[in-house]
Each structure stands twice: as structure tokens, then as C-alpha cells.
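What follows is a set of notes on a single structure, which appears directly below.
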Number of protein chains: 2
Amino acid sequence: MNQINEMIQRQLQHRTIREFKDISISREVFDTLMEIARRTATSNGMQSYSIIRVTAPSIKKAIAEVCKQEYVGRAPELLIFMVDQFRNNNIAKEKGPTTENAADMDRFFQGFTDACLASQNVVNAAEAMDLGAVYLGSILNDPIKICEVLNLPKLTFPVVGLGIGYPNQHPQLKPRFENRLRVFENSYRIFDSYLEEIKDYDEEMTTYYDLRNANRRVDSFSDQVVTKLDTSMSNRQEILKAIRQQGFQIDI
Amino acid sequence: MNQINEMIQRQLQHRTIREFKDISISREVFDTLMEIARRTATSNGMQSYSIIRVTAPSIKKAIAEVCKQEYVGRAPELLIFMVDQFRNNNIAKEKGPTTENAADMDRFFQGFTDACLASQNVVNAAEAMDLGAVYLGSILNDPIKICEVLNLPKLTFPVVGLGIGYPNQHPQLKPRFENRLRVFENSYRIFDSYLEEIKDYDEEMTTYYDLRNANRRVDSFSDQVVTKLDTSMSNRQEILKAIRQQGFQIDI
């Protein structure tokens, strides 16, 4: 039971780590992380995802530019998790005439889910081995550019990036709103006033120091929501176009 | 280091568990699982996902019917993870005039990713506490029905279900293809013949006994791929329509 508590404790202590020690990850540790990815649950048993390990400095730099986060280029390990229907489609084609079903949005979402689950399983394994990780949703600032840089064929699509290494910072645990606003029983619960419900949380958030912003305090959660919802990056609005450009069928 | 190995070992031993002992999960254990969900990494810090815990037998039954898997109705815990842009949109609206950005597909994918990451974190925590879990991608057989049954408002969308309980079966570890077909360096690698590359894996798969099919051996992986790609459920092809029906902007 102590061992188990250790696992749970690590999960409860999860922090995003953006600055890493200048120590590379051993081959053995890396292979273990990838073996964990391989053992992750996968939709329909189809394993419709792949991972690209980025080691070339020029490609790291190109991805960091898409992410608009220079620390991405400094992560000891940089992984891109992706939808992969290309592989299974090729298996089917080699077996004989096949449908276009690998290109449908149902399969796209299966691959998207697979990629996400594998990434979180890898994060948990990394943290279990005293590594830290940063998720990079920002690769979707420009998915087409990511496809070009990594030579992603049709029927594949980038989902999320992960920077991994030995932590060189100790961020504060980030406040999250209470589960009564997130976990419901049998039916979605709508609250009369969300601002009222998150009042304490809004206050708590302002005591959080974000290491990215020179240790300055952050806005309240509701102010962050307003700011972030007001901001829209044009490329990020093109995600369906990019998915279609990668060969998936977007017909409505 | 022994404790850490224990974590990794559990992840490497992951199996889908579909049959559970008739023992309910304690309040304490359940709350721990939900606290793990709460601490999961989330896109942009926005926490754009929610969870519905299904306890009402009639709702469990309705969901099992969508899944076409009767064991779903018997899972001691049944959780539905969902995109939730409704909550933040309401927070923004209470603060003043707001944009329609919470409804865009960029935010949809952020919430989808959040929901997936939280589900895998919960699975790892569950397995750490000797529980077993089954992912239910099959809730997307009919997302609109799921929305109706759970009263999901606009700007929310079901992503994946999870059945959790104490395992009452010991499935064989499911064969997976090798990582050289899944993990690439710097550039996507295309193979000349996938059938050739997965020859041993195809063979290995036929030695796997799927407990769902009365202990019968399963097809080779390539045969499964052909069968599964040939099969398309019509409702599952309507996923973008369903996403639009839930209020998200699908403009291409």
C-alpha cells in the first residue's frame, strides 16, 4: 500500500516542468517510456497513433518557433504524438482492395484519443522516474508546418507535443477549481452564478506565481478565462482545414 | 527506486478489465480518483473538461445500449469524460460581453485533449489502487443520445467513457506491434511492406485469447485491420454533425 500511495502522491504533485537540467535521458529510460506508450490502451486495438522523437536541433528549433516558446528547443527530449491512420490503411491496401474508411473523422478521433492517452501514460511514467514534462498544445498553432517539418504523410496528424527532462525548477502547485464544479452525478449540473461559485478559487489563483512571467502573480481564473477567450490565433482556427489537407474526410 | 519500478511495472501490465467483482468502490477511493483528474495537466490552464459519474441504473442501461456492450451496465463505476467549454463561456459572459470563441474548434480540441488526459491519469491511479478499467470509445456510437441522457448543454461533448471496478478476470496481455513501427526519429518513416514488417506480430496475435469471445483465438492483426476498416457504423460518421449540434462552429 505504501508503494501505491507513492504513485498517487506523484500524480497529485504533478506540475508542468519547462526548465530542465543539462542531463540527457539514458537509452534505457527512453526505451521504457516508449514501452509504456506501446502498452497504453488503444481504441479498438488499432494502435492508430505514432510518436516522433525530435533530436535534430534544426527541427527542434522549427517546432519551438511554431510553439512560440523558446524553451521547447532546449528540452532534452521532444516528442510529437500524432494520429496515424496511414499505417493501418497501408496494411489494408496490401491485403487487397479497401475502403476509404481510414480517412473518416470517426477514425481521426480514435487516433486523436490514442495519441492523448499514450502521452499521459508517458508523462506518468516519466514522473515515476523523477523526470518532468511539459505538454505542448502549442504545436497546433500551425499543424501544417508541423506536418511539413516532420514529413507526416496523409492520414496522419499532430496531436500534442511533450518536452521531457530532469527538472531544473520547482514550480508551485497550480490552483484548480473544486471538483463540485467539474464532477457531476447522472446529469450535467448548471450553476446559477459561476463567478459566485469560483470566488475563493479566483482569489487563490492570484496567489500563484507563474515562473514563466518573471515570478509575477497571475490574474484571477475568471480574468484569465476572459483574456484567453478574447484571444484567437488565426492559424488555430484553421484546424479542420489542416485535418482535411492531411487527407481526412470532412463532410458535413 | 523499487517503488518507482512498481509504478512502471503496473503500467506495463495494463489490461482492459471488463468484468468486475461485486464490490463497490469506497467514497475515499472514488474521491482520490477525482482528485487525480483535477490535478491532470490541462490545455492553457483552462480545465475545459468535466466528468459525469453515472449511478442511476436507467442511465447506465441507456449508455450500455449506445455502447452495444451489456457489461457497461454492470461496471461498479461508470464515468463519462467530456469537453466542457460551457463553464468557461458562462464565466466570461458573467464578466461582460464576450466573443463566440469558446465555440470554436480550437477550443473543442483543447477540451477533447483535456478529457483524454484526465481519463488516462484516472486509469493509472485506479490501477495503482488495484482497480481495473475499461475504456468506452463506444459512447461515440451515438454522441447525441449520450448528450440527451446526461443533459449535456451546448458547448459540451462526450469524449470517452470509463468503467472501473475490482477485476474479476485475468486477461492475457494483448500483443502490440513493435515500436520501430510506431516511434520514429525526426521524420515519419514509411516502410516498403507493412505486411512483411508485422509478419511475426500477425502470428503472435493469433495466439491471443480474447475473453470477450468465449476464449476463442482472434484474427491476425492485419485481418483485424481489414475487418475493422471495412466496417463503418453510420452514426459514428456523423460525429462532426453531432459536434455542431452541440453548438461548436464547424466552418471550413
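The values are calculated or read from the model by the stated rules, or taken from the named source; none is laboratory data. Computed from a predicted model, the values in this text were never measured in an experiment. Virtual Cβ from ideal backbone geometry, glycine too; neighbours counted across all protein chains shown. Remember, those area values only see protein heavy atoms, side chains included, never the ligands or the DNA or RNA. Shrake-Rupley method; radii C 1.70, N 1.55, O 1.52, S 1.80 Å.
Kindly sort B:Arg15, A:Arg180, B:Arg27 by accessible area of their heavy atoms, largest first, with the probe set to 1.4 Å. Show your work: numbers first, answer last.
On the way: B:Arg15 65, A:Arg180 100, B:Arg27 175 Å².
So the residues, ranked largest to smallest area, are B:Arg27, A:Arg180, B:Arg15.
The local environment of A:Glu65, defined by Cβ-Cβ distances under 11 Å, has a net charge of +2 under the rule Lys, Arg +1 and Asp, Glu -1.
Rounded to the nearest 20 debye, the dipole size of chain B about its Cα centre is 720 debye, using +1 on the Cβ of Lys and Arg and -1 on the Cβ of Asp and Glu.
Using a 1.4 angstrom probe on the protein heavy atoms only, line up B:Asp84, A:Asp192, B:Asp31 by accessible area, largest first.
Working: B:Asp84 0, A:Asp192 160, B:Asp31 70 Å².
Result, largest first: A:Asp192, B:Asp31, B:Asp84.
Helix content alone sets the calculated 222 nm mean residue ellipticity of chain B: runs of n ≥ 4 DSSP H residues at -39500 (n - 2.57) each, divided across all residues, give -12500 deg cm²/dmol.
When cysteine pairs in chain A are screened for C-beta atoms closer than 4.7 angstrom, the residues that find no partner are A:Cys67, A:Cys147. Could you pull out the pairs from A:Lys93/B:Lys199; A:Lys68/A:Lys145; A:Lys228/B:Lys154; B:Lys93/B:Lys241; A:Lys241/B:Lys241; A:Lys154/A:Lys241 whose alpha carbons sit more than 18 Å apart here? Correct reply: A:Lys228/B:Lys154; B:Lys93/B:Lys241. Averaged over its residues, segment A:1-74 has an accessible area of 47 Å² per residue, based on protein heavy atoms and a 1.4 Å probe. Restricting segment A:1-109 to GluC sites (Glu not before Pro) that sit in a DSSP loop and have at most 12 other Cβ atoms within 10 Å of their own Cβ leaves A:Glu100.
Computed from point charges on the beta carbon alone (+1 for Lys and Arg, -1 for Asp and Glu), the dipole magnitude for the protein assembly as shown about its Cα centre is near 100 Debye. A point 7 Å from Cα along Cα→Cβ stands in for A:Thr99, and the other copies hold the same point at 3.9 nm, listed in rising order.
Looking only at B:Leu155, B:Leu33, B:Leu12, which one moves most when chain B is put into a Gaussian network model with springs between Cα atoms under 10 Å? Between B:Leu155, B:Leu33, B:Leu12, it is B:Leu12 that shows the largest mean-square fluctuation.
Counts of other chain beta carbons within 10 angstrom of each beta carbon in peptide A:34-43 average 6.
Let me know the charge dipole size of segment B:1-117 about its Cα centre in debye, to the nearest 20, where only the beta-carbon of Lys, Arg (+1) and Asp, Glu (-1) is charged. The partial results should precede the final answer.
Working: 16 positive and 15 negative charges, 43 e Å.
Using only the charged Cβ atoms, the result is roughly 200 debye.
When accessible surface is computed with a 1.4 Å probe, chains A and B are found to bury approximately 10800 Å² between them, both chains counted.
Considering just Cα atoms, how many Å³ per residue does the convex hull of the protein assembly as shown enclose?
Per-residue hull volume (Cα only) is 140 Å³.
In chain A, the longest principal axis of the Cα atoms and the axis of helix A:86-95 are about 30 degrees apart. To the nearest ten degrees, helix B:105-128 and the longest principal axis of the Cα atoms of chain B are 50 degrees apart. Coordinate range of the alpha-carbon atoms in segment B:113-243 per principal axis, descending: 49, 36, 35 Å. For helix B:2-12, report the angle its Cα long axis makes with the longest principal axis of the Cα atoms of chain B; keep it between 0 and 90° and round to the nearest 10°. Between helix and principal axis, roughly 90 degrees. Counting only DSSP beta bridges with both residues in chain B, tell me the antiparallel percent, nearest 5. So the antiparallel bridges in chain B amount to around 95 percent. Along the axis of the charge dipole computed for segment A:108-252 (Cβ charges of +1 for Lys and Arg, -1 for Asp and Glu, origin at the Cα centre), the listed residues A:Gly163, A:Pro175, A:Ser220 are led at the positive end by A:Gly163. Partner shielding of B:79-88 amounts to 3, given as the average count of beta-carbon atoms from other chains within 10 Å of each residue beta-carbon.
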